[in-house]
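Notes follow once the structure below has been shown.
Bear in mind that the values in this text are calculations on the coordinates, not laboratory data. On a predicted model such as this, the values are computed, not experimentally measured, just so you know. No Cβ is skipped: glycine too gets one built from the backbone with ideal geometry, and neighbour counts run over all protein chains shown.
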Amino acid sequence: MGGTSVRRRYDSGWVANVVGILTLILLAVPVLNAFVRMTNWTATGLPKWLAFLALVLSIYMLLLALQGAKALIDLILKYRPCPHGVVAGQALQRCPSCNAAVAEREEQQRQREAERERAELKKQIARDAARHRLQEVQRLRGLVLQREDNLRSLSPRDFEDEVARMFKNLGYDVRQTPYSNDKGKDAILRRDGLVYLVECKRYDENRSVGRPTLQKFFAAMIEEKAAGGFLVTTGYFAKTAEEYARSTKITLVNGKLLVQYMQEAYGKEPWTLTLKCPDCGVVVPFDVSRDGSEKLCPSGHKVLCDVTEDGLLGAAGYCKSCAAPLDSKGERCSRWPDCRWMPAVKRSSRPPSHRRELT
């Protein structure tokens with residue numbers, strides 16, 4: 001058949017419903033008239049049970065007629081010619097052209113589903129690679145901070161964050177306080193149902209922590225009903241502070257003891273870094289001592305290592321979350337939007353009531 005002829009298609013369910021309604025109207029009129037005559041008992045002289053039985057049979061015959069009409073319409077539409085002129089070409093799959101078109105549509109649908117699955121798998125692999133990278137950065141950051149000079153190179157806020165993260169790795173539930181107006185405590189620790197406080201002082205090696213600082217910290221411990229406290233500093237403690245600490249439950253943590261805590265929290269693992277390929281998820285080892293490097297995974301994909309010691313220390317120009325370099329403008333992490341850290345955000349603008357949750 002030529003392609004110039006236009007065939008009007010009908011949905012079998014819609015046509016059957018229209019025919020059924022018309023049939024119902026045509027059959028309902030005589031049935032209702034018969035019912036009216038039969039209900040006039042004096043005119044017909046029929047007993048009531050016979051009139052009721054006739055009504056039931058009429059309704060039953062009406063339903064059978066509707067069902068038969070629908071079946072007839074379905075049969076007619078089933079054997080209608082396909083667009084290529086073959087009788088029942090689509091319903092009974094007699095038309096090769098229609099069968100080929102159906103097979104092509106099914107193949108296209110399978111290809112689309114396979115493409116969606118591949119895209120979703122690629123996204124999942126990339127997310128796992130980013131998560132693994134962040135875990136490795138946090139682990140290596142703990143190794144970098146096992147030197148006192150690196151601890152002193154941190155800013156006071158970064159020092160607080162790293163000490164809080166260290167206690168979290170030691171098994172404490174950590175909640176940091178605001179950077180300003182902290183009421184004499186930088187973090188609140190919980191373990192085994194007990195509360196401990198932490199106060200951090202990032203000082204030079206020649207600067208001391210005196211007794212007044214401990215007295216203020218001990219007052220905060222009484223207010224929080226803490227079972228103990230840790231006063232952490234990169235400087236040293238004056239003798240008056242050491243004497244006062246003996247009469248309280250304050251643990252004095254200087255630079256050397258802090259390094260031991262860091263080693264306990266992060267271990268003494270070698271300076272190696274493993275990154276996952278964002279394309280296939282294969283683990284690739286790197287040497288952090290080099291200033292960035294690039295390798296090929298076994299599948300031939302390029303894996304870039306942009307983690308350096310400066311980045312782990314949060315130096316200027318590096319992201320303090322994932323240790324990657326900032327973008328060319330220095331406004332956000334170069335791994336945006338995987339990493340959403342932005343140096344332009346001023347954390348000191350948080351309200352005093354805000355509690356910092358450690359990530």
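Data for the structure
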quantity: Virtual spin-label span in nm between LYS183 and LEU64, 7 Å along Cα→Cβ; calculated: 8.7 nm
quantity: Loop-resident sites, region 251-281, for trypsin sites (Lys or Arg not before Pro), counting at most 11 other Cβ within 10 Å (DSSP); calculated: LYS268
quantity: Extension gain (nm, one decimal) between ASN206 and GLN93, 0.36 nm per residue minus Cα-Cα; calculated: 31.6 nm
quantity: Computed FRET value (nearest 0.05) for GLN263 with GLN109, which takes r as the C-beta separation and R₀ as 56 Å; calculated: 0.45
quantity: Length gained when the stretch ARG80-LEU170 is fully extended (0.36 nm per residue, less Cα-Cα span); calculated: 24.7 nm
quantity: Within region 112-210, trypsin sites (Lys or Arg not before Pro) in DSSP loop having at most 16 other beta-carbon neighbours inside 10 Å; calculated: ARG147, LYS183, ARG207
quantity: Sparsely packed GluC sites (Glu not before Pro) within region 239-341, loop by DSSP, other Cβ within 10 Å at most 13; calculated: GLU331
quantity: Cα gyration tensor category, rounded, prolate or oblate, for region 148-269 with a/c compared to 1.5; calculated: rounded
quantity: Per-residue Cβ neighbour rank within 10 angstrom, fewest leading, SER328, SER97, SER299; calculated: SER328, SER299, SER97
quantity: Spatial separation of Cα centroids for region 87-144 and region 299-314, in angstrom; calculated: 30 Å
